[in-house]
Structures are given as C-alpha cells and as structure tokens.
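Below is one structure; the comments refer to it alone.
The values are calculated or read from the model by the stated rules, or taken from the named source; none is laboratory data. Note that the coordinates shown come from a computational prediction; the quantities given were computed from them, not determined experimentally. Here the Cβ positions follow ideal geometry from the backbone for every residue, glycine too, while neighbour counts run over all protein chains shown.
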Amino acid sequence: MNRIQIISILASLLLIYTIYRLVHRKKMREQYAILWFFTGAIFVVFSIFRGLLDSISKFMGIYYPPATLTLIIIFLGVLLAIHFSIVISKLTGDNEKLIQEIALLKHKIEKIETKIDK
Amino acid sequence: MDKLKKVLVIIPAYNEEKIIKKVVEEIRDTNSNIDIVVINDGSTDNTQIEAKKAKGEVVSLPINLGIGGAVQTGFKYAYQNNYDIAIQIDGDGQHDPKYIKDLLRPILENDIDTVIGSRFINNEGYQSTFVRKLGIKVFQTINSILIKQRITDSTSGIRAYNRKAIELLKDNYPIDYPEPEVIILLGKRNFRIKEIPVKMRSRSEGVSSISGIKSLYYMIKVIISIMIEYRRMCDE
C-alpha cells in the first residue's frame, strides 16, 4: 500500500465521520446525508480496493489510477451539487408561497382589527 | 370513557376529498365526546371543503409537508389547546374508529404513554405488499434490539399519545417516514409503549403515498436515521 492510498483511505473515513457527526448534532438532516454517505462509501471502497480502481482506470483509458479516483469524486460532487439545486428550487418555491400567505394573512388581520375597533 | 380527559383525534389528510367527510363522520358517530382536527396537508383537491362539511376543525397547511409534518402540526395543535390525549387516525379510511376506546384504555387505566394499533399481533386483517412486509420484519428486529421492546407493527398510523408524548413530539417529530423512528425516539427515553390488535381496511380510494422503489429508499433512510437517533440517545 503506497502513501497516496493511505492518505485516500484516511480522507474518506474523515469525510464519513464528519457527515455522521453533523447529522448526530442535528446540523444536517438525514435525507441530505444519504448522498454524502454514498459518496464517502465510494471513496473508501476505491481507496481500499486498489485493484478495482486499476481495472476501471484501464477501462476508461486513464494511465494514472489516482486520477480516476479524483474524476469519480468530482463526478459525485457534481451529483451533490445537482441535488442541492433541486432542494433549493423547492425551498425557493415554498418560500414564495409562505411570503404570499403571510401577506394575505396580515391583510385579513388588519381588516378584522379595524372591524373590532369600530 | 374519556374520564374528564380532553381527547383529540388528529387526521392527517392529503388529497382525500372522496372519503375525508366519511372518515370524520364515522369517528363522530362512534365517539361522541371527542374533538377532531383534520390536518389538510396542502391538498390540491377539495379535501378542505369536504372536511369542513363534516363539522370537524380543519387546519390547512399552505405547503405539503408529508405525513410527518402534518401529524406534528396536529401535536402542536393538541398542545396549544391543552389536550391530554392525541389519537392519530389516517385520513384515507384505513382505520376503523371503533378501536379508539381500545387505544384510550391503556393510557387511562395503566399509565401507558403510547398505544399502537398493530395488525400483526393476531395476524389478521388487510395485509400489505411483500416489500412492506419485509420492511416491517426488519423494523421489528431493529426495535427489539435497540429498545428491548417487541413492537410488531412499527408502521401503523393508528396510535394514541398521552400528554407527555405530545409535549415531546410537537418539537421532535421525524419528517419522512416517522412511524418507525418515533418508536425508537420514545423507547429510548423510556416511554411506555403498548400495542393493541387492530384490523385495517384496505385503502378505499386513492393511492398509497409510499410504493415500490420508494419503499427501499425509505427503509434505508429510516434505518440510518434510527441508528443515528439511537446513538444520540446513548449520549444523553
């Protein structure tokens, strides 16, 4: 096992542990952690099973296997970013609905208050 | 039967315009001394109008939150209005309100905190798909190990909670697939949980909100959540 492999394994375990701690302290919701755990799992598997990484590198025509791992992680990063865009899109939509609801509720309340004053 | 305790029936409902009125009326017919609140979970159909026709209270969420968010809203309502006991019954007609008194009895007489209506104590009534049955077996095992109680039906949505449970759950209620996770949440805090046998009717109208591949996703997600929740509890 060479140095980069050791560093890779440690980094992947650190990632998984970090995400776990964030969820444990309720800083991250479980539904968002799933993709992170999946990423960490891929990271750790390809770090430990060098042969697997080598096979995939060969298949993809990449000469230097650590570069393949980098590519895979970048790809997973893109997936995560897409996931976030989807989540943010929903939140934006919900936020707009809430803003409008509140405005209409405030209006209703003001009308009721003026009625009570009379 | 309510022995001067204020009891609230919480009915989470999403797009159940065809049956919600019947559900509310059926509860009222079998239990006269009980309050009912329908939590309309951002339905896009006429659920709100139909529920109001049955003279129950209706709380309409401006945005769909899912069963977890809807039921939690019910707990907040129960807490704010000083209810002693909250009963959860699904808005799709699967649950028979005749079991309400059976759900209440352990709370009133034996100081139990949470009562669950289980389909599997006696193995009767409407049974669900293979995937769900497998999931249910998995949860049974997890529950036995983690909270040392044998819960036969963790996904059952017909339940009763006492004031102590309401106070906890109004602020801490899992979002996605809450029924199994709540059991761990309560079990690890040493809440007394009991099950009573029930038969459920098959879904009369509409489509189940959880199906096929989604079931698998939920199973994985819930298992992860349960494990983490368990660790959280160990630290406290």
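The table below gives the values:
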| item | result |
| --- | --- |
| The listed residue being on the phi > 0 side of the Ramachandran plot and facing another protein chain (nearest Cβ under 10 Å), out of A:Lys97, A:Lys90, A:Lys26 | A:Lys26 |
| Test: residue in the stretch B:161-183 that is at pLDDT below 80, of a type in the set (Gly, Ala, Ser) and surrounded by 21 or more Cβ atoms within 10 Å (Cβ to Cβ) | no |
| Checklist (1) touching a residue at least 12 places away in the same chain (Cβ under 8 Å); (2) of a type in the set (Gly, Ala, Ser); (3) more than 14 Å from chain B (Cβ to nearest Cβ) applied to A:Ser55, failing item | (1) |
| Where B:Ile63 falls short, out of the listed (1) farther than 20 Å from B:Met219 by Cα; (2) away from chain A (no Cβ under 14 Å) | (2) |
| Elements of type helices (runs of 4 or more DSSP H) contained in the stretch A:1-117, each with 2 or more residues being touching a Ser or Thr at 6+ places or on another chain (Cβ under 8 Å) and closer than 20 Å to B:Ser225 by Cα | A:30-48 |
| Hey, B:Ile136 free of Cβ contacts under 8 Å to residues at least 60 places away in the same chain, part of a helix (DSSP H, G or I), in contact with a Leu (Cβ under 8 Å, 6 or more places away or on another chain) and not basic (Lys, Arg) or not | no |
| Residue count, the stretch B:1-33 (criterion: under 24 Å from B:Thr44 (Cβ atoms) and surrounded by fewer than 16 Cβ atoms within 10 Å (Cβ to Cβ)) | 1 |
| Residue within the stretch B:110-118 that is part of a helix (DSSP H, G or I) and either without any contact (Cβ under 8 Å) to a residue 24 or more places away in the chain or at positive phi (or both) present | no |
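Residue-wise test of (1) in a loop (DSSP other than H, G, I, E, B); (2) at pLDDT 95 or above; (3) over 14 Å from the mean Cα position of the chain (by Cα); (4) of a type in the set (Asp, Glu).
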position: B:Glu16; (1), (2), (3), (4): yes, no, yes, yes
position: B:Val23; (1), (2), (3), (4): no, no, yes, no
position: B:Val37; (1), (2), (3), (4): no, yes, no, no
position: B:Glu50; (1), (2), (3), (4): no, no, yes, yes
position: B:Val58; (1), (2), (3), (4): no, yes, yes, no
position: B:Tyr79; (1), (2), (3), (4): no, yes, yes, no
